[in-house]
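Down below is the structure, laid out as structure tokens.
The values are calculated or read from the model by the stated rules, or taken from the named source; none is laboratory data. The structure presented is a predicted model; accordingly, all values stated were derived computationally and were not measured. Glycine also receives a Cβ, built like all others from the backbone with ideal geometry; neighbour counts cover every protein chain displayed.
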Amino acid sequence: MITISRRRFLALTGGVLATGCTAAREADIVVPSPTTAGTSPTTTSTVPGVVTSVSSTEPAPFGNNVLVLVELRGGNDAVNTLPPLTGAYRDLRPTIALPETDLVMSEHFGPHGLHPSLAPLLDLADAGRLATLAGIGFEDPDRSHFVSLDRWARADRMDDGLGWLGRWIDTLPDELPSLGATALGGSGDVLLGAKAPGTVIDGVDAFAFPTLLSNGSMRALGDSPADSSHGSNDPMLAAARRAFVDSVGATEEFDAIADAVRSRVPEREPGDLGPALGAFTTGLAVAAEMILGDIGTRVVSISVNGFDTHSDQLAQHADLLSDLAQGLTQFWATLDEVGAADCVLVATTSEFGRRVAENASNGCDHGAAGVSFVMGNSIVPGLSGALDTADLLDGDLRPQIDPRVLMTACLDWLGADVEQIIGQRHDDVPIIA
């Protein structure tokens, strides 16, 4: 697995994947100025604070299907995400149950309300682009983060130590490009294959998007001889160059990537994704740029911590879900605007849900079944499953939908051989239309 720190992943927009910039800065490399390395006309990007060039060339159609996994790491509380309108919900949560008057009510969610922070998702649901899987979880749940994360990452196949998407990558006839399978935050275990590891960019919750160096400057970082003040044998310089090349692949790809993004990203004001970008919104903005760049990205995994809400849950959970909703809706609007949404499927996951009863610290502890959302133009919309508080499993929501149902749909979307990768198909719930 190639791992890149967030400090090295300074920007992804306008086709320049500047993962080596900080390595250069740490090695004190002098990069030629844009006036000597080449410049481009500039307008604005979809990512705040980033300048990109726009071409009038008509873009080519988008190619292969892309999967975006969004991990709510820590164990998202499904019960407050999708509160049941009947049953013991309010009796078991006298302090942290959400007022019914605050819930988003819609036929799309059946006998449940929707957390008010997720209200922006209602437009996607109304448009038939949102599916909700309530009660998703393995039949024999484990309340350990580590065990449950492993089971989700490996599709409950623990024999080979590989991620289910890593197994898929291993079956591809051609090697994916350097950012073909990328994890933004998290461990990236789901992408771990025997032959072709994915790329992990650590710390999505603290990404920064400074103004980019020109293509010429970036090429100079990877290719030019050392400045005379350093010497050609400087080991730090060599390490920086290796990091740059390993992170983004061959430098000659930059022009093609840049042209693709310039032809697709509509002109918009910096910061139009919102004044305060959270981790989900930022990560999904990065994912959108990767897809718009048409650089061969097939899978992006975005992982954000914070869902282990043992205490003082209400405000923290509301903020996280608000960021998730903002990120998803703006991500989808960006892709839809330029005709890229048809080739993208988005699915949210979390290693488990929370116990139905609140604890003494105004939070809730590790549970079993959770909830996943699936977003796309080719899905079966609406609710599958339910959060049944009248039929609990030792105080937990009883799992109703095996996670491999979701994995089967995702692998179908990628055109994979499901049986080869996760052992057998799980078609209990139709997800892809």
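The condition (being at pLDDT below 70, over 27 Å from the mean Cα position of the chain (by Cα) and either charged (D, E, K, R) or surrounded by 16 or more Cβ atoms within 10 Å (Cβ to Cβ) (or both)) is satisfied by just one residue among Ser56, Ser40: Ser40. For region 284-325, which residues satisfy the criterion of being at pLDDT 95 or above and in contact with a Pro (Cβ under 7 Å, 6 or more places away or on another chain)? Ala325, the sole residue that qualifies.
For beta carbons closer than 7 Å, sequence separation of 6+ or different chains, a first residue in region 366-390 that is over 26 Å from Leu149 (Cα atoms) and a second that is of a type in the set (Ser, Thr, Tyr) and surrounded by 23 or more Cβ atoms within 10 Å (Cβ to Cβ), there are no qualifying pairs. In this structure, is Thr132 part of a strand (DSSP E or B) and among the hydroxyl-bearing types (Ser, Thr, Tyr)? Yes; evaluated as a whole, the condition is true for this residue.
Checked against (1) of a type in the set (D, E, K, R); (2) at pLDDT 90 or above; (3) more than 17 Å from the chain's Cα centre (by Cα), Lys195 meets all criteria but (2). Remark: pairs (first residue in region 181-204, buried (at least 24 other Cβ atoms within 10 Å of the Cβ); second residue among the aromatic types (Phe, Trp, Tyr); Cβ separation under 7 Å; 6+ apart in sequence or on different chains) = Val190/Trp164; Ile201/Phe9.
The residue pairs whose first member lies in region 127-155 and is at negative phi, whose second member is basic (Lys, Arg) and surrounded by 21 or more Cβ atoms within 10 Å (Cβ to Cβ), and whose beta carbons are closer than 7 Å, counting only pairs six or more residues apart or on different chains, are Phe138/Arg151. Suppose the filter is among the aliphatic types (A, V, I, L, M), within 25 Å of Ala125 (Cβ to Cβ) and more than 19 Å from the chain's Cα centre (by Cα); does Leu397 pass it? Judged against the criteria, Leu397 is a match.
Of the candidates Arg151, Arg143, the single residue that is closer than 20 Å to Asp365 by Cβ, more than 18 Å from the chain's Cα centre (by Cα), not polar (S, T, N, Q) and not in a loop (DSSP other than H, G, I, E, B) is Arg151.
Where residues in region 400-433 are aliphatic (A, V, I, L, M) and outside any helix (DSSP H, G or I), which of them is surrounded by the fewest Cβ atoms within 10 Å (Cβ to Cβ)? Working first, answer last.
Residues of region 400-433 that are aliphatic (A, V, I, L, M), as a first pass: 401, 405-407, 409, 411, 414, 416, 418, 421-422, 429, 431-433.
From what is left, the residues that are outside any helix (DSSP H, G or I) are 401, 414, 416, 429, 431-433.
Working: Ile401: 23, Leu414: 20, Ala416: 21, Val429: 18, Ile431: 25, Ile432: 15, Ala433: 11.
Looking at the filtered set, the residue picked out is Ala433.
Taking the criterion of being of a type in the set (D, E, K, R) and either over 19 Å from His310 (Cβ atoms) or surrounded by fewer than 17 Cβ atoms within 10 Å (Cβ to Cβ) (or both), the residues of region 72-123 that qualify are Arg90, Asp91, Glu100, Asp102, Glu107, Asp123.
Picking from residues in region 160-182 that are of a type in the set (D, E, K, R) and closer than 21 Å to Leu406 by Cβ, the one that is modelled with the lowest pLDDT is Asp160. Against the conditions (1) under 19 Å from Ala416 (Cβ atoms); (2) in contact with a Pro (Cβ under 9 Å, 6 or more places away or on another chain), Arg157 satisfies every one except (2). Surrounded by fewer than 18 Cβ atoms within 10 Å (Cβ to Cβ) and among the aliphatic types (A, V, I, L, M), is that true of Val147? Answer is yes for this residue.
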